[in-house]
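Notes follow once the structure below has been shown.
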Amino acid sequence: MSQLILALDFGGTKFAAALTDNRDSWIGKELLPAPAPASAQADYAGMLAMARKLLAGRQAAAIGVSFGGPVDAARNTVILSHHVQGWEQVPLGAWLQRDLGAPAAIDNDANAGALGEYTYGAGQNCSSVFYITVSTGVGGGLVADGRVWHGADGMAGEIGHMQVDPAGPLCLCGKHGCVERLASGPYMAADARAQMTAGSALWELCAGDAAQITGQLVAAAANRGDEVAMRLIERSATALGRGIGNTANILNPQRFVVGGGVTKAGSRWWQVLQAAARATALPEITVDIAPAQLIDDAPLWGAVALARAAVTSN
Ligand SMILES: [Zn+2]
């Protein structure tokens, strides 16, 4: 029996909504920049309008939601947003049930991405997958035997704040040398701005204006042989590789799936990542690291899996 599933993704900079009745394609998909000025009410109204447009009067069998912030998945409630006021303890699942008349299951974006890759992407046919997204931040999620492992406080999978260099630079969380502080795009860009020298490839690429440097630009400069950029790219891959190796030692998942903008940094980044993970993990552990397949759609497909599970359990 075909069932209409509505998938919603509340991302940091953009929102997405999509509709499917199968395993591999969308019937329709809508994108929206996150509303400004930001508020939970504006976020919700924008998302609801997209959902109603997609449904065009049809009834969804279930709704899955990926939310860019901590959630209480068991209660389908948002705990808060780090970027937008008003999301504190919002019963988002109940709101959607009220407004769209279908059961809704929610999880945070890293867990939804993990479930998406596990069910429909690079983690298919694996019994356990640890998913990592490396872009503006570093998020992670573990799926084992079809279920997300949330942990006692709903905080499991936070590989971004695993400390891999205690002598390293200060992270936003107050510790030094976290994976996120060393591996994420904005932090690489910030360090490149501080270390750039006049006349270098980095300097040429940003036309001497350090404010223009992004993570992408650092990768481009590294590929042109810029020494500062190459060092930062290697440091990023080494930090994440150590994080993966340590995680392998604790959890021994069948596969690591890695996605996000920083993974497009080039083949050198991937080589260093694999070598650092291999050097950190115990020799008995197979370290299988695969690039994400669903790319930007991983949280949406994870939302589909959440919704299907909700229908089954009802
Ligand atoms: Zn940190």
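Of all DSSP bridge pairs formed entirely within the chain, close to 60 percent run antiparallel. Taken about its Cα centre, segment 148-239 carries a charge dipole of about 60 debye when Lys and Arg each add +1 at the Cβ and Asp and Glu each add -1 at the Cβ. Computed over protein heavy atoms with a 1.4 Å probe, the carbon and sulfur contribution to the accessible area of segment 122-292 reaches 52%.
Simple rule: put +1 on each Lys or Arg Cβ and -1 on each Asp or Glu Cβ in segment 95-201, find the dipole, and look at Ala189, Ala201, Ser127; the Cα lying farthest toward the positive end is Ala201. Each Cα pair under 8 Å and six or more residues apart adds its separation to the average, and for the chain the resulting relative contact order is 19 percent.
Between the Cα long axis of helix 227-251 and the first principal axis of the chain there is an angle of about 50°, rounded to the nearest 10.
Compare the Cα positions of Leu31, Val228, Ser267 along the charge dipole of the chain (+1 at Cβ of Lys, Arg; -1 at Cβ of Asp, Glu; about the Cα centre) and return the one farthest towards the positive end. Working it through, the farthest residue towards the positive pole turns out to be Leu31. Between the Cα long axis of helix 109-120 and the first principal axis of the chain there is an angle of about 80°, rounded to the nearest 10. Which angle between 0 and 90 degrees, to the nearest 10, do you get for helix 267-280 versus the longest principal axis of the chain when only C-alpha atoms count? The helix 267-280 is inclined about 90 degrees to the chain. Per residue, the chain exposes an accessible area of 45 Å² to a 1.4 Å probe, with every protein chain left in place. Label sites at Gln271 and Gln59, each approximated as a point 7 angstrom past Cα along Cα to Cβ, lie 5.9 nm apart. DSSP assigns beta bridges within segment 122-292; of those with both partners inside it, close to 60 percent run antiparallel. Between segment 163-204 and segment 239-276, the C-alpha centres lie 18 angstrom from each other. Each peptide in 254-262, 156-164, 53-61 gets a packing score, the mean of other Cβ atoms within 10 Å over its residues, and the list from highest to lowest is 254-262, 156-164, 53-61. This model, with +1 at the C-beta of Lys and Arg and -1 at the C-beta of Asp and Glu, gives the chain a dipole about its Cα centre of some 220 debye. Distant-in-sequence amide contacts of Ala290, defined by a placed amide H-H separation under 5 Å and a gap of 5 or more residues or a different chain, comprise Phe256, Val257, Val258. Measuring between their Cα centroids, segment 69-100 and segment 21-42 lie 16 Å from each other. 3J(HN,Hα) along segment 85-92: 6, x, 8, 4, 6, 7, x, 4 Hz, from the Karplus curve 6.51 cos²θ - 1.76 cosθ + 1.60 with θ = phi - 60°, whole Hz, x for Gly and Pro.
The values are calculated or read from the model by the stated rules, or taken from the named source; none is laboratory data. These numbers come from a predicted model, not from an experiment. We place every Cβ from the backbone using ideal geometry, glycine too, and count neighbours over all the protein chains shown. Heavy atoms of the whole protein, side chains included, go into the accessibility calculation; ligands, DNA and RNA do not. Shrake-Rupley method; radii C 1.70, N 1.55, O 1.52, S 1.80 Å.
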